[in-house]
Amino acid sequence: MKPRHFLSLFDLTPAELQQVLRRAGELKALHQRSESYTPFSQKVLGMLFEKASTRTRISFEAGMAQLGGSAIFLSPRDTQLGRGEPIEDTARVLSRMVDLVMIRTFEHSKLERFAEYSTVPVINGLTDYNHPCQLLADLQTVIEHCGELRGRTVAWIGDGNNMCNSYLSAAIQGDFLVRIAVPPGYEPDAGLLQQAAGRAVLLRDPLAAAQDADVVTTDVWSSMGKEEEQGRRARDFAGYEVNAAVMAQAKADAIFLHCLPAHRGEEVSAEVIDGPQSRVWDQAENRLHTQKALMEFLLLNGQAVAS
Ligand code: CP
Ligand code: NVA
């Protein structure tokens, strides 16, 4: 039997996605009432980070502790991975010792290789291709504000990166529209764009993308691993800042989201991210609640599928 993994939003059915988001709301309420809920006694999460992180590490580590389990932080610098031990061997060894693994890495194929050899559920903590855990938090934040996902319009402005790809998957699984404004050469994954036909529109103009949107969102122009392209990207993305003029195109009660970390004065103006329509702090907090719901689903509710 193969374990259930969470490598993309497509690893949950639309109904399971709604179930996890509903449960995240319940776990948030429990947390706010300071009620103890510790079903994970003796459970251990292994967290392998090949890139930097603030939110992902803290939300998984705190979430696991709150559920009564524990988490181990691992990086290539202080494991044998950094000295060339194959990812397949690491997967086989790690999954004999821990109950759940989270990985943040560069190539998506590396995550998939790990998952193939892991005997415990593997969670994608971000790859160059996607960032599905962030989308769980984003979707919870949209639901808190808009009531439901279906029929909503999200404007994605900036780079067609791992977060943009994840919004395409989310639009399919959550039945909403994503309007994407990116400069030429920075389009999201072509396959996902095709798959999202009818739920995704590719544009160049940020103002047109934001028109009557319920949610306006963006991300850094230079993702982790692209730092050396920063100069060229700053020039190519000129005119793609989410500022008051962009927000003015959206619905009067639209919200602004950003997965963070943010660069004020680049992809978003300070007046927007620090302004009244911004929900970025709720969004960051929701990483905790949604990932607790996800871990509970994978460890306690997830149905094992035949190999
Ligand atoms: N949004 C997000 O994943 O943040 P970190 O890189 O800090 O984990
Ligand atoms: N697109 C960004 C997201 C960071 C959470 C990156 O990959 O660096």
Can you tell me how many residues in the stretch 140-193 are within 16 Å of ligand 2 (Cβ to nearest atom) and in a helix (DSSP H, G or I)?
11
Flag for Val120 being away from ligand 1 (no atom under 16 Å from the Cβ), surrounded by 17 or more Cβ atoms within 10 Å (Cβ to Cβ) and either within 16 Å of the chain's Cα centre (by Cα) or not in a loop (DSSP other than H, G, I, E, B) (or both)
no
For Asn124, indicate whether it is touching a Lys or Arg at 6+ places or on another chain (Cβ under 9 Å) and at pLDDT 95 or above.
yes
Looking at the stretch 138-156, can you tell me whether even one residue there is within 11 Å of the chain's Cα centre (by Cα), surrounded by 24 or more Cβ atoms within 10 Å (Cβ to Cβ) and of a type in the set (Gly, Ala, Ser)?
no
Of those in the stretch 1-13 that are more than 16 Å from ligand 1 (Cβ to nearest atom) and part of a helix (DSSP H, G or I), the residue least open to solvent (accessible area, probe 1.4 Å) is Asp11
Given the conditions (1) of a type in the set (D, E, K, R); (2) away from ligand 1 (no atom under 16 Å from the Cβ); (3) surrounded by 16 or more Cβ atoms within 10 Å (Cβ to Cβ); (4) not in a helix (DSSP H, G or I), and given that Glu16 satisfies all but one, which numbered condition is not satisfied?
(4)
The number of residues in the stretch 42-98 that are among the β-branched types (Val, Ile, Thr) and either under 20 Å from Ala137 (Cα atoms) or touching an Asp or Glu at 6+ places or on another chain (Cβ under 6 Å) (or both) is 4
Give the stretch 231-289 a look and list any residue that's on the phi > 0 side of the Ramachandran plot and either within 16 Å of ligand 2 (Cβ to nearest atom) or open to solvent by 60 Å² or more (accessible area, probe 1.4 Å) (or both), or say none.
Gly239, Leu260
Does Leu136 qualify as being within 16 Å of ligand 2 (Cβ to nearest atom), out of contact with any Lys or Arg (no Cβ under 7 Å at 6 or more places or on another chain) and under 30 Å from Leu299 (Cα atoms)?
yes
Of the residues that make up the stretch 60-79, is at least one touching a His at 6+ places or on another chain (Cβ under 9 Å), more than 29 Å from Ser222 (Cα to Cα) and either among the β-branched types (Val, Ile, Thr) or surrounded by fewer than 16 Cβ atoms within 10 Å (Cβ to Cβ) (or both)?
no
Do we have any residue at all in the stretch 95-106 that's open to solvent by 10 Å² or more (accessible area, probe 1.4 Å) and touching a Lys or Arg at 6+ places or on another chain (Cβ under 6 Å)?
yes
Select from the stretch 80-94 the residues that are open to solvent by less than 60 Å² (accessible area, probe 1.4 Å) and touching a helix residue (DSSP H, G or I) at 6+ places or on another chain (Cβ under 6 Å) and list them in ascending order.
Leu81, Gly82, Ile87, Glu88, Thr90, Ala91
What do you reckon, is Thr127 of a type in the set (Ser, Thr, Tyr) and either surrounded by 20 or more Cβ atoms within 10 Å (Cβ to Cβ) or within 22 Å of Leu21 (Cα to Cα) (or both)?
yes
I need the full set of residues from the stretch 23-50 which are outside any helix (DSSP H, G or I), of a type outside the set (Ser, Thr, Tyr) and either open to solvent by less than 20 Å² (accessible area, probe 1.4 Å) or more than 16 Å from ligand 2 (Cβ to nearest atom) (or both), in order please.
Arg33, Glu35, Pro39, Phe40, Gln42, Lys43, Val44, Leu45, Gly46, Met47, Leu48, Phe49
List every residue pair whose Cβ atoms sit under 8 Å apart, with the two residues 6 or more apart in sequence or on different chains, where the first one lies in the stretch 50-63 and is without any contact (Cβ under 8 Å) to a residue 60 or more places away in the chain and the second, anywhere, is within 7 Å of ligand 1 (Cβ to nearest atom) and open to solvent by less than 10 Å² (accessible area, probe 1.4 Å).
none
Testing Lys110 on (1) open to solvent by 60 Å² or more (accessible area, probe 1.4 Å); (2) in a helix (DSSP H, G or I), one condition comes back false. Which one is that?
(1)
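The values are calculated or read from the model by the stated rules, or taken from the named source; none is laboratory data. From a predicted model like this one, the values you see are computed outputs, not experimental measurements. Heads up, the Cβs are rebuilt from the backbone with ideal geometry, glycines too, and the neighbour counts pull from every protein chain shown. Surface accessibility is based on the protein's heavy atoms, side chains included, excluding ligands, DNA and RNA. Shrake-Rupley method; radii C 1.70, N 1.55, O 1.52, S 1.80 Å.
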